[in-house]
1. May I ask for the accessible area buried between chains A and B, both sides summed, probe 1.4 Å, to the nearest 100 Å²?
2. Taking one equal scatterer on every alpha-carbon of the range A:208-252, how large is log10 of I(q)/I(0) by Debye at q = 0.19 1/Å?
3. Can you give the mean number of other chain Cβ atoms that lie within 10 Å of the Cβ atoms in peptide A:7-14?
4. What whole-number value in Å² describes the accessible area per residue of chain B for a 1.4 Å probe?
5. At 1.4 Å probe size, with the rest of the protein present, what percent of the exposed accessible area of the range B:43-98 is carbon and sulfur atoms?
6. With viscosity set to 1.306 mPa s at 10 °C, what whole-number translational diffusion coefficient in µm²/s follows for the range B:1-153 from Stokes-Einstein and a Kirkwood radius over Cα pairs?
7. Count, for each residue of A:90-99, the Cβ atoms from other chains sitting within 10 Å of its Cβ, then give me the mean as a whole number.
8. Taking each pair of different alpha-carbon atoms in the range A:124-242 once, compute 1/r for the pair, average those values, and report the inverse of that mean as the Kirkwood hydrodynamic radius in Å to one decimal.
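The values are calculated or read from the model by the stated rules, or taken from the named source; none is laboratory data. Fair warning: this is a prediction, and the values are worked out from it, not measured in the lab. All Cβ positions, even for glycine, are placed from backbone atoms using ideal geometry, and neighbour counts span all protein chains on display. When the accessible area is computed, the model is the full protein with side chains, heavy atoms only, and any ligands, DNA or RNA have been set aside. Shrake-Rupley method; radii C 1.70, N 1.55, O 1.52, S 1.80 Å.
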Protein chains: 2
Amino acid sequence: MSERERIALLSTLFASNVPVGIGDDAAVLEGGLVWTVDAQVDGTHFDRAWLSWSDVGWRSFMAAASDLAAMNAAPIGALSALVLDPTVDDAALEALARGQADAARTVGAPIVGGNLARGRETSITTTLLGRASRPALRSGAHLGDGVWLAGFVGRAATGLAALRDGALADPRCIDAWRRPRALVGLSLDDASAAIDVSDGLALDASHIAEASGVQLVLDEASLRAIDPAITLEAMLHGGEDYALVATSSRNLPGFVRIGAVEEGHGVALRTAAGVIPIPPRGFDHFAT
Amino acid sequence: MSERERIALLSTLFASNVPVGIGDDAAVLEGGLVWTVDAQVDGTHFDRAWLSWSDVGWRSFMAAASDLAAMNAAPIGALSALVLDPTVDDAALEALARGQADAARTVGAPIVGGNLARGRETSITTTLLGRASRPALRSGAHLGDGVWLAGFVGRAATGLAALRDGALADPRCIDAWRRPRALVGLSLDDASAAIDVSDGLALDASHIAEASGVQLVLDEASLRAIDPAITLEAMLHGGEDYALVATSSRNLPGFVRIGAVEEGHGVALRTAAGVIPIPPRGFDHFAT
């Protein structure tokens, strides 16, 4: 089974109508409580070759906080569950926790508890609770809505590629990858649908398209204008920026318009040469 | 640093007054929301030699649910974050999730979301949210209160020892270890303090003693009367039963009185020969 099929299986077994997904998993409970969990595993989700322990703590927290931001929720608090391998010494743990605590303060989601366990592989599981008077879902995009983007896409992937290649890179790109900032606090009250961009703009936008039964047509010129130094490839398929993409019939303050909701399915790119479908490539942990 | 010292470090860094602990970590938030997370790591918290994947799912869920029970909270829901190593095939995942789902139904805590990730080591992190009008804490035990126990202690350790030794065992002991049942729904409204017995009665009771600044004196005869076939050693130091121990000046329905709160510190045993201190032995993942 692919990861997608595995998630479908779990949804069936748990007999729940709430989305169970990767990265941007958030459940809406009574009273507008929004609840999300995200796990970052050493070697799968982060590579310590280019990250300090403090970076690892920061970005794992921001990855989880980004899910709340995408649901239009204000944070209440967080729990941190750490599985630590024996090489994580006391100094490493302290740096890791400082990174988490700094991120928690930055987004206003105090860490109120957690769990410590021993293992052979280090992982950081962060769960956040928030509240939303108008939770933003993936399924509400309407024909004629605009597609809107907050934050930058492609920078983190560009930064990571430069680190891997030993190339010179724009410090903003390195920083985007090492120290992403979840866009908590940006209002999505007027959004018809929203998601955070953790796995790449094309793939994450395709989740809105599928859940809403529409096509999201992105505008090449609008994308290129945002960040001329970043390749279109990185913008469409680079992950881990934790930008927000939303649909709305109105202007969304803090967002830039990058396309429109049209009839059809999937995600496409409007270029000078016409409209081209974009394959929703992304990272599937379980693909064979 | 010991695990205890590491937890103290995290509490300081996270600048939180909410207890951060092992196993029975629960935070109390606005409106009586009670929130807990527990991780079970393959090889550390469970041994697949004697457990089916369904057992692993069940008991990991119950371990987390037990923390809610100890806080006197009624469950609202749960999130499940799975890190799966490559040997966990689709059939194993399905069995694991069925075990979780069965446990969730049993305690009335629907699994409303989660996260799937790949790793080299399998772990199951369960977070539960509940609500308590009167949350039970560790710190409220008063001099003169009785010490009360619900459920059985020592059975799980006895069952596990029999499995390891290839010995004949009471099926109730095997079942206690493989399929523990969190005591969700038992009222602790009249308890002055409570904790669940995950690491052993003596160790968990010592957390109440320390937080409340008192001594818990357990009565040997009362303990032996509960379960004559179980050794006192297993009753005092065996973990993973998920019984509840509480203190109260009143009778607690569903509980048996096993001792009294007295002046002093730590945990002691009242025997025919006098009162003997019990060392709070337990499992410290990080002890050197």
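1. Details: alone 13580 and 13570 Å², together 21600 Å².
Summing both sides, the interface buries roughly 5600 Å².
2. After summing over all Cα pairs, the log10 values are -0.78.
3. Mean partner-chain Cβ count within 10 Å for A:7-14: 6.
4. Details: 10800 Å² over 288 residues.
Roughly 37 Å² per residue, with all protein chains present.
5. For the range B:43-98, the apolar C and S fraction of the accessible surface comes to 54 percent.
6. Numbers: Rh = 16.7 Å.
D = 95 µm²/s.
7. Values: counts 5, 0, 0, 6, 6, 1, 2, 7, 2, 1.
Per residue, the number of nearby Cβ atoms from other chains is 3 on average.
8. On the way: mean 1/r = 0.0648 Å⁻¹.
One decimal place: 15.4 Å for the Kirkwood radius.
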